[in-house]
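> The following block contains the structure, expressed as structure tokens.
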Amino acid sequence: MNTQNRINKKTISVILLFFITLFGWMIWQFHFNYMISGSDTFFHTQRVYEIRQAFLNGNLPGWLNFDTFFSAGQAVNGMYPDFTLWPFIFVTDMLSPIHQIIAVKVLIAALTFIVTFLSLNKRYNSFNSSMAALIFTYSGAVLRDITTEFQPGTAIVLAFIFPILFTFKDIIEDNKLNYTLAIKLGLLMTIVINSHLLSAIALSMIAGVFLIVKSIKDKNIKPWINLIIAGIITVILCIPIIYRIITISKTGLLAPFGKGNIIADPITMLFTNSKWNARVAFSTLSMIILLIVFVGFDKKKIKKLMPYILIEALLLVLSTDMTPWAIFNHVPVINNFQESSWRFALFLSVIPIILLLENFKEHVSQYILILLSVLSLSAATQVTTNYIYNHGKGLATVTATYDKSVGLNEDVKLTSSGINSETIQRTLIPDYAPQQTAIEPNSNGQALSFDIQNKLKKHWATQGNHEIPLTKTAATNNSVSYRGEHLESGNLELPIFGYSSLNYNVTVNGKNVKWTTDNKGFLTINNDHNLKTANISIISTYPHLYPYMIWVSFVLVIALIGYLGYQKFHI
């Protein structure tokens, strides 16, 4: 490591400043005993809650959500990547549920700072790298994840975005076979896929454009081979989640909302929607940096800067309607993008930081970064306090006893006891439900039919045309129990989504009964006799192979990390 990259006292002061402010924010948030929540925050807090309960009970997280999402046995946790989230939840399980979410946010932010700093420190001055890591973490989509909307999947992707960018760039520009780079990229993309699948597709699309152009220009296929090797490594390491998704999908699932209708905003929206913690537009910090770089642009460095300028330009094009997204509406996987800005604009704040470090001399960058660091700390504080005090003013507090309906676009103060509240309409969603499940007409696939919503909210079983109210008596991470009164003999449709490709153990008054999935997408049992009282229990467990796949994947990851360490340090 060059002398300029060594961590000195000034660098340590920035690192300490970051962690003191981040820890201070966490303690401040803890004392409220609630978290302002809305939109997708409800979705992700309930995912975390299911994983939390599994670990507390000494189990691996299940594939179906019985303790959340109205106890409907929905395959949210099974279909959504979550392996990279597990460590954060495991180490914070001693906290109350709402404090755990806050702590997870803080740990991801800390990881973002550390990984960004280490990645930049390999290439730039140590002091500058630490300040660049600080302003990146305290702005844009990263800051939004900390303070506003909880999106742990994309937050973890952003934590590793700088090494991902540099590794892709190194592979594309490499003119020889490089197994070390291939392994490194394979590990990084494993992190991405196990965090947020569509981000992996988006990053691959960006890299693919430059790979094709570079290959044609240089008439060299070695980068392709390196990327194929990286892809094979990624697939092998991701076998547990691939197996999980394929197994659940065999049932046939509803299409995600907006599938086949990708929405894209005009380019002007990237600027007019700019704010300090923007996620689907330029952050204010990014625009300031780009303006500074434009004013002080060093033409002598154009060759070095051009790749990064082209990446930012491509991100800008892919984030907007400048890309003819209609041609991708029938392309598998990509047609699930829903809105292009959700997939690409969150990366817009990465390149400006690199352009700043590359364009100016070290001492000039240092002065600029000091000013931007002060500005970032001030702006992040303002964003947070405004959200807590101004936005939070007058919001309802959701606890276990809260009985008013929380609307789809309503924000509330969410407490630990209210995390899995069945008043939150935002979690009454069709995501990953069986394909036979009825959708509300003209909802673009975003809402279950009114009848299905009533069935799940009121826990109605159905016999013929009769709706029978059930009382939920217990719910765990892999089971739910109900009590029903005066049940007649015959088929009984439960308020539980049925996945024909999964295994269930259903009992009535302690006796096993046969089950099937009906043409409405629900689990159905046959009741042989009229029952005055029926205690119904539904248990679903993952296949026996699944834990072994996780262990094999984990051992391979450790082995590959060890190999990279050996290659680097020649231990």
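The values are calculated or read from the model by the stated rules, or taken from the named source; none is laboratory data. Just so it is clear, the model here is predicted, and its values are computed rather than measured. A quick note on method: Cβ atoms are made from the backbone with ideal geometry, for glycine too, and the neighbour counts reach across all protein chains shown. Surface areas here come from the heavy atoms of the whole protein model, side chains and all, with no ligands, DNA or RNA. Shrake-Rupley method; radii C 1.70, N 1.55, O 1.52, S 1.80 Å.
> What is the one condition in (1) open to solvent by less than 10 Å² (accessible area, probe 1.4 Å); (2) of a type outside the set (Asp, Glu); (3) touching a Pro at 6+ places or on another chain (Cβ under 8 Å) that Ser130 does not satisfy?
Result: Ser130 passes all but (3).
> Moving on. State yes or no: is Asn409 part of a loop (DSSP other than H, G, I, E, B), more than 20 Å from Ile101 (Cα to Cα) and open to solvent by 30 Å² or more (accessible area, probe 1.4 Å)?
yes
> Same structure, new question: Yes or no: Asn335 modelled with pLDDT under 95 and either aromatic (Phe, Trp, Tyr) or crowded, with 18+ Cβ neighbours inside 10 Å (or both)?
Numbers: modelled with pLDDT under 95: yes; either aromatic (Phe, Trp, Tyr) or crowded, with 18+ Cβ neighbours inside 10 Å (or both): yes.
It is true that Asn335 is modelled with pLDDT under 95 and either aromatic (Phe, Trp, Tyr) or crowded, with 18+ Cβ neighbours inside 10 Å (or both).
> Give the residues of segment 535-571 that are in a strand (DSSP E or B) and open to solvent by 40 Å² or more (accessible area, probe 1.4 Å), sorted by residue number. Outline the logic, then answer.
At the first step, the residues of segment 535-571 found to be in a strand (DSSP E or B) are 535-540.
Result: Asn535, Ile539.
> Continuing with this model, one more query. Return the residues of segment 1-38 that are open to solvent by less than 40 Å² (accessible area, probe 1.4 Å) and either of a type in the set (Lys, Arg) or closer than 18 Å to Tyr80 by Cα (or both); say none if nothing qualifies.
None - no residue of segment 1-38 is open to solvent by less than 40 Å² (accessible area, probe 1.4 Å) and either of a type in the set (Lys, Arg) or closer than 18 Å to Tyr80 by Cα (or both), so the list stays empty.
> Another question, then. Just checking, which of Ile370, Ile388 is part of a helix (DSSP H, G or I) and more than 22 Å from Ile101 (Cα to Cα)? Before the answer, list the steps.
Details: Ile388 fails: more than 22 Å from Ile101 (Cα to Cα).
The conditions single out Ile370.
> Look at Ile262 and say whether it is farther than 27 Å from Thr84 by Cα, aliphatic (A, V, I, L, M) and open to solvent by less than 70 Å² (accessible area, probe 1.4 Å). Write out each step before concluding.
Working: farther than 27 Å from Thr84 by Cα: yes; aliphatic (A, V, I, L, M): yes; open to solvent by less than 70 Å² (accessible area, probe 1.4 Å): yes.
Considered against the rule, which asks whether it is farther than 27 Å from Thr84 by Cα, aliphatic (A, V, I, L, M) and open to solvent by less than 70 Å² (accessible area, probe 1.4 Å), Ile262 comes out as yes.
> Right, something else. So Thr476 clears everything in (1) out of contact with any strand residue (DSSP E or B) (no Cβ under 7 Å at 6 or more places or on another chain); (2) buried (at least 18 other Cβ atoms within 10 Å of the Cβ); (3) of a type outside the set (Lys, Arg) except one condition, right? Which one?
(2)
> Still on this structure, I have one more. Of all residues being open to solvent by less than 50 Å² (accessible area, probe 1.4 Å) and of a type in the set (Val, Ile, Thr) in segment 268-291, which is nearest to Thr147 (Cα to Cα)? Just the residue, please.
Result: Thr284.
> Shifting gears a bit: In the set Asn390, Asn420, Asn454, which member is buried (at least 19 other Cβ atoms within 10 Å of the Cβ) and either at negative phi or without any contact (Cβ under 8 Å) to a residue 12 or more places away in the chain (or both)? Don't jump to the end; show me each part of the working.
Numbers: Asn390 fails: buried (at least 19 other Cβ atoms within 10 Å of the Cβ); Asn454 fails: buried (at least 19 other Cβ atoms within 10 Å of the Cβ).
Among Asn390, Asn420, Asn454, only Asn420 is buried (at least 19 other Cβ atoms within 10 Å of the Cβ) and either at negative phi or without any contact (Cβ under 8 Å) to a residue 12 or more places away in the chain (or both).
> Given segment 137-244, what helices (runs of 4 or more DSSP H) lie entirely inside it while holding 2 or more residues that are open to solvent by 10 Å² or more (accessible area, probe 1.4 Å) and under 22 Å from Val317 (Cα atoms)? Even if it seems obvious, please write down each step before you answer.
On the way: elements: 140-147, 152-159, 161-173, 179-193, 197-218, 222-237.
Those helices (runs of 4 or more DSSP H) span 161-173, 197-218.
> Follow-up question, since we're still on this one. Condition (residue is open to solvent by less than 60 Å² (accessible area, probe 1.4 Å), of a type in the set (D, E, K, R), under 32 Å from the mean Cα position of the chain (by Cα) and on the phi < 0 side of the Ramachandran plot) applied to segment 431-439: is it met by at least one residue?
Among the residues of segment 431-439, at least one is open to solvent by less than 60 Å² (accessible area, probe 1.4 Å), of a type in the set (D, E, K, R), under 32 Å from the mean Cα position of the chain (by Cα) and on the phi < 0 side of the Ramachandran plot, which makes the answer yes.
> Residue by residue through segment 419-473, note down the ones that are aromatic (Phe, Trp, Tyr) and in a loop (DSSP other than H, G, I, E, B).
Step one: of segment 419-473, the residues aromatic (Phe, Trp, Tyr) are 432, 450, 460.
Selection gives Tyr432 alone.
> Looking at (1) modelled with pLDDT of 95 or more; (2) closer than 27 Å to Ile302 by Cβ; (3) surrounded by fewer than 21 Cβ atoms within 10 Å (Cβ to Cβ), which is the one condition that is false for Ser378?
Answer for Ser378: the failing condition is (2).
> Return the pair list, or none, for Cβ contacts closer than 6 Å from residues in segment 198-226 that are under 11 Å from Phe344 (Cα atoms) to residues that are of a type in the set (Phe, Trp, Tyr) and surrounded by 15 or more Cβ atoms within 10 Å (Cβ to Cβ), at least 6 apart or on different chains.
Partner pairs satisfying both residue conditions: Ala202/Phe344.
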